[in-house]
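Notes to accompany the following structure.
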Amino acid sequence: MQRWQADASLLVVTLVWGSTFVWVKQSVARFPVFAFLSLRFALAALVLAALFGRRLRRLSWRMAGAGVGIGLCLFGGYTFQTLGLRFTTASKAGFITGLSVVLVPIFAALVLRRRPEPQALLGVLLCTLGLALLTLGPDWTPARGDWIVLGCAFCFALHILAVSYFAPQTDALALTVVQVTVVALLSAGTSLATEAWPWPIPQGTYAAAIFTGVLATAMAFAIQNRVQVFTTPVHTALIFASEPVFAGIFGYWLAGERLTRQGLLGCGVILLGMLVAELRR
């Protein structure tokens with residue numbers, strides 16, 4: 001029963017993450033990117049600090065530094081993703097972001113000297129083929145936004161790898177507070193240096209910042225850290241592989257986005273590659 005409840009909770013978290021692509025795309029169409037990220041992560045940092053702030057005293061200076069480094073990876077991921085959503089669809093961004101699942105074993109081999117398993121290499125090949133089908137247009141060139149979102153997949157893969165290495169060594173929830181706070185500070189600093197905030201802030205932007213900051217960031221990370229101990233890493237990875245599917249569904253439902261037959265085939269191949277990379281014998 002605990003595993004079933006854990007898997008169900010993670011599926012709800014994944015559904016929320018999949019729905020954010022449309023919200024963010026609509027928000028940054030009328031509001032500066034880093035200003036929106038600063039609102040989102042400031043709210044998330046406040047919520048996490050209120051819930052888990054006392055745990056920060058458990059962090060050593062080394063682990064606090066690790067949290068800052070992990071926060072830099074997270075900042076890069078959300079920066080590339082949010083910027084890319086200005087120039088591509090929510091559906092395509094969701095599937096390209098999902099490539100981080102298969103990039104993790106490759107980075108683990110390069111950084112941690114962990115030999116990738118054969119199914120991971122097969123998954124990378126399938127995802128590369130799917131990415132080509134999804135992003136290449138009639139002139140066989142990817143859209144500008146697709147390249148930008150691909151950078152987000154690399155950053156999120158590094159983030160997953162760093163968390164898997166450092167989180168077992170310390171309090172994972174305290175580490176999460178540091179990561180999210182770093183993203184909030186970097187987003188605010190970048191926004192103040194490069195952007196002019198429109199005033200008054202649109203109500204839709206407030207709603208999107210609250211939804212993505214409180215639910216999709218603070219609560220989602222808290223739930224994930226709480227329930228993942230009751231299920232297996234393979235279950236978790238397979239559940240997270242459904243995020244681009246939810247992104248495509250919400251893109252179709254809320255924004256009327258349509259993919260070509262070639263794009264749909266590419267999405268299917270990417271999803272297959274993500275599943276193959278995570279399956280074990």
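The values are calculated or read from the model by the stated rules, or taken from the named source; none is laboratory data. Model, not experiment: these values are computed from the prediction. Cβ sites come from the backbone with ideal geometry, for glycine too, and all protein chains shown count toward neighbours.
Within region 1-35, take every residue that is of a type in the set (F, W, Y) and over 21 Å from T176 (Cβ atoms) and give me the one that is surrounded by the most Cβ atoms within 10 Å (Cβ to Cβ).
Checked region 1-35; the qualifying residue surrounded by the most Cβ atoms within 10 Å (Cβ to Cβ) is F21.
Okay, residues lined up against (1) under 30 Å from G263 (Cβ atoms); (2) in contact with a Leu (Cβ under 6 Å, 6 or more places away or on another chain); (3) part of a helix (DSSP H, G or I); (4) not small (G, A, S):
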position: I148; (1), (2), (3), (4): yes, yes, yes, yes
position: C155; (1), (2), (3), (4): yes, no, yes, yes
position: L158; (1), (2), (3), (4): yes, no, yes, yes
position: S164; (1), (2), (3), (4): no, no, yes, no
position: L173; (1), (2), (3), (4): no, no, yes, yes
position: A184; (1), (2), (3), (4): no, no, yes, no
position: A188; (1), (2), (3), (4): no, no, yes, no
position: L192; (1), (2), (3), (4): no, no, yes, yes
position: A196; (1), (2), (3), (4): no, no, no, no
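Does A44 satisfy being over 28 Å from D146 (Cα atoms), out of contact with any His (no Cβ under 7 Å at 6 or more places or on another chain), buried (at least 21 other Cβ atoms within 10 Å of the Cβ) and in contact (Cβ under 8 Å) with a residue 12 or more places away in the chain?
Answer is no for this residue.
If I go through region 235-281 residue by residue, how many of them are buried (at least 18 other Cβ atoms within 10 Å of the Cβ), modelled with pLDDT of 75 or more and not in a helix (DSSP H, G or I)?
Matching residues across region 235-281 total 1.
I'd like the full set of residues that are more than 22 Å from L48 (Cα to Cα), surrounded by fewer than 16 Cβ atoms within 10 Å (Cβ to Cβ) and in contact (Cβ under 8 Å) with a residue 24 or more places away in the chain, limited to region 184-231.
T194, E195, A196, W197, P198, I201, P202, G204
For region 159-186, give me each residue that is among the small types (G, A, S) and within 16 Å of the chain's Cα centre (by Cα).
Scanning region 159-186 gives A162, S164, A184.
Count, please, the residues in region 160-183 that happen to be buried (at least 23 other Cβ atoms within 10 Å of the Cβ) and within 17 Å of T212 (Cβ to Cβ).
Residues that pass the stated criteria total 4.
Where in region 20-108 are the helices (runs of 4 or more DSSP H), entirely inside, with at least 3 residues that are farther than 30 Å from L126 by Cβ and touching a helix residue (DSSP H, G or I) at 6+ places or on another chain (Cβ under 7 Å)?
Those helices (runs of 4 or more DSSP H) span 33-52, 61-84.
So R113 fits all but one of (1) without any contact (Cβ under 8 Å) to a residue 60 or more places away in the chain; (2) surrounded by fewer than 19 Cβ atoms within 10 Å (Cβ to Cβ); (3) at negative phi; what number is the exception?
Looking at each condition in turn, R113 falls short on (3).
Please verify whether S60 is polar (S, T, N, Q) and surrounded by fewer than 19 Cβ atoms within 10 Å (Cβ to Cβ), treating the condition exactly as stated.
So S60 passes the test.
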